[in-house]
Structures are given as C-alpha cells and as structure tokens.
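J.: Have a look at the structure that comes next, please.
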Amino acid sequence: MKRKPPAKAEPVVSPEILEGAKRSLSTDKVKPAARCFVCGSETLQTGPEALCWVCRRLKISAWRDVEQQMPVQE
C-alpha cells in the first residue's frame with residue numbers, strides 16, 4: 001500500500017504581513033546601553049553618574065561606613 005504524499009500546509013501568516021513585520025523590525029533602533037563608569041558593565045543612565053547597580057550599592061555602602069566612623073574620630 002502506498003502512502004499519500006503529505007499535503008502542503010498553507011502559511012499561517014500571509015506573506016504581506018510577514019514582510020511588513022520584517023521591515024518594521026529593521027527600522028527599530030535600540031539605544032546603545034551606557035557603560036558603568038567604574039567597572040565597564042552595561043548600565044541604565046538613571047542619574048548624573050553612570051554606575052551599574054553593583055557599583056552604586058558599593059558606593060552607598062561606603063558612604064554609610066564613612067558616616068558611622070566620623071563620630072568615633074573626635
């Protein structure tokens with residue numbers, strides 16, 4: 001017994017819509033990510049300094065340490 005050849009499936013999305021989607025993707029431009037001032041990793045430019053979240057946390061932690069040590073130095 002011979003098998004029937006598989007039927008050709010019709011595309012789910014019409015070629016016009018698919019082509020339009022490809023063109024719209026090629027025109028979208030993503031802003032280049034800023035680099036961290038300290039370590040060079042990618043970061044979002046949310047403040048006046050370009051710091052990644054790790055370096056920003058380290059900086060805040062260092063400020064807290066300095067504030068805690070100042071009263072002891074009298």
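The values are calculated or read from the model by the stated rules, or taken from the named source; none is laboratory data. The structure displayed is predicted, hence computed values, not measured ones. Cβ sites come from the backbone with ideal geometry, for glycine too, and all protein chains shown count toward neighbours.
J.: Can you pull out the residues in the stretch 24-37 that are at pLDDT 75 or above and exposed (fewer than 10 other Cβ atoms within 10 Å of the Cβ)?
T.: Ser24, Leu25, listed by residue number.
J.: Among the residues of the stretch 11-23, count how many are at pLDDT 75 or above and either touching a strand residue (DSSP E or B) at 6+ places or on another chain (Cβ under 8 Å) or assigned to a loop (DSSP other than H, G, I, E, B) (or both).
T.: Matching residues across the stretch 11-23 total 3.
J.: Are there any pairs with C-beta distances below 8 angstrom linking a residue in the stretch 46-74 that is within 13 Å of Cys36 (Cα to Cα) and aliphatic (A, V, I, L, M) to a residue that is at pLDDT below 90 and part of a loop (DSSP other than H, G, I, E, B), with the two at least 6 apart or on different chains, and if so which?
T.: Matching pairs, first to second residue: Ala50/Cys36; Ala50/Phe37; Leu51/Cys36; Leu51/Phe37; Leu51/Val38; Val54/Ser41.
J.: May I ask you to list pairs of residues, at least six apart or on different chains, whose Cβ atoms are under 9 Å apart, with the first in the stretch 1-26 being in contact (Cβ under 8 Å) with a residue 40 or more places away in the chain and the second being surrounded by 10 or more Cβ atoms within 10 Å (Cβ to Cβ) and among the basic types (Lys, Arg)?
T.: Hits for this filter: zero, empty list.
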